[in-house]
1. Output the residue which, of all residues in the range 24-52 that are surrounded by fewer than 17 Cβ atoms within 10 Å (Cβ to Cβ) and part of a loop (DSSP other than H, G, I, E, B), is nearest to the ligand (Cβ to nearest atom).
2. Test GLY4 against the stated conditions and say whether it is under 11 Å from the mean Cα position of the chain (by Cα), touching a residue at least 40 places away in the same chain (Cβ under 8 Å) and either within 23 Å of VAL133 (Cβ to Cβ) or exposed (fewer than 13 other Cβ atoms within 10 Å of the Cβ) (or both).
3. Spot the failing condition for ILE94; the list is (1) part of a helix (DSSP H, G or I); (2) under 24 Å from LYS34 (Cα atoms); (3) hydrophobic (A, V, I, L, M, F, W, C), and only one is missed.
4. Check whether at least one residue in the range 58-69 is within 24 Å of ILE6 (Cβ to Cβ) and among the small types (Gly, Ala, Ser), and report yes or no.
5. Condition check: away from the ligand (no atom under 11 Å from the Cβ), among the hydroxyl-bearing types (Ser, Thr, Tyr), free of Cβ contacts under 8 Å to residues at least 24 places away in the same chain and open to solvent by 30 Å² or more (accessible area, probe 1.4 Å). Does TYR59 satisfy that?
6. For the range 75-87, how many residues meet the condition of being within 9 Å of the ligand (Cβ to nearest atom) and either open to solvent by 20 Å² or more (accessible area, probe 1.4 Å) or assigned to a loop (DSSP other than H, G, I, E, B) (or both)?
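The values are calculated or read from the model by the stated rules, or taken from the named source; none is laboratory data. Remember, it's a predicted structure, so these values are computed and weren't measured experimentally. Note that each Cβ is placed from the backbone with ideal geometry, even for glycine, and that neighbours are counted across all protein chains shown. Side chains are part of the model used for accessible areas, which takes the heavy atoms of the whole protein and leaves out ligands, DNA and RNA. Shrake-Rupley method; radii C 1.70, N 1.55, O 1.52, S 1.80 Å.
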Amino acid sequence: MKHGLILGKDHWQEMLEHVDRQAPLEACGLLAGKHDRVEKVILVRNQAQSPVRFVMDPYAQLQAFEWIDSSGLDLLGIFHSHPSGPQAPSQTDIEEAAYEVSHLIWSKDQNGWKVRGFWIENGSATEISLEIVH
Ligand SMILES: [Zn+2]
């Protein structure tokens, strides 16, 4: 199901601080909520500790999935950063997209960090809308 996501300003801020702290390494995490409304950002360690790749720490990811489940929420999205671009999912991101959720990419250029949302399906990525609310 492809649709936009609604995020609180605090969720946006939490992700921004995380990706900025981890740079120049890629950072990653999960978004949980209901329908298209994000209610919780879960920061996950990038086990790859790489500037060009992320692999979610499997134990932290499992714990997060259990928390989401026990909280009655759904996994809505996965976010990760491209500290030196590009703004869109890489070929590897597309190939490794394992969950039918939204994918948020934080990228950085001379103007700072920017986040864009994508839906990845059948080997291609389509941009989705992200609405930031207060
Ligand atoms: Zn990527």
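1. Going through the qualifying residues, I end up with VAL52.
2. So GLY4 does not fit the description; no.
3. With respect to (1) part of a helix (DSSP H, G or I); (2) under 24 Å from LYS34 (Cα atoms); (3) hydrophobic (A, V, I, L, M, F, W, C), ILE94 is out only on (2).
4. yes
5. Judged against the criteria, TYR59 is a match.
6. Summing the residues that are within 9 Å of the ligand (Cβ to nearest atom) and either open to solvent by 20 Å² or more (accessible area, probe 1.4 Å) or assigned to a loop (DSSP other than H, G, I, E, B) (or both) in the range 75-87 gives 1.
Per-residue answers, yes or no, for (1) closer than 20 Å to LEU16 by Cα; (2) free of Cβ contacts under 8 Å to residues at least 40 places away in the same chain; (3) under 14 Å from the mean Cα position of the chain (by Cα):
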| site | (1), (2), (3) |
| --- | --- |
| SER84 | yes, no, no |
| ALA88 | yes, yes, yes |
| GLN91 | no, yes, no |
| LEU104 | yes, no, yes |
| LYS108 | yes, no, no |
| GLY112 | yes, yes, no |
| TRP119 | no, no, yes |
| GLU127 | yes, yes, yes |
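Yes or no, residue by residue, for (1) within 20 Å of SER90 (Cβ to Cβ); (2) modelled with pLDDT under 95; (3) among the acidic types (Asp, Glu):
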residue: ASP10; (1), (2), (3): no, no, yes
residue: LEU16; (1), (2), (3): no, no, no
residue: ALA23; (1), (2), (3): yes, no, no
residue: GLU26; (1), (2), (3): yes, no, yes
residue: GLY33; (1), (2), (3): no, no, no
residue: ASP36; (1), (2), (3): no, yes, yes
residue: GLN49; (1), (2), (3): yes, no, no
residue: PRO58; (1), (2), (3): no, no, no
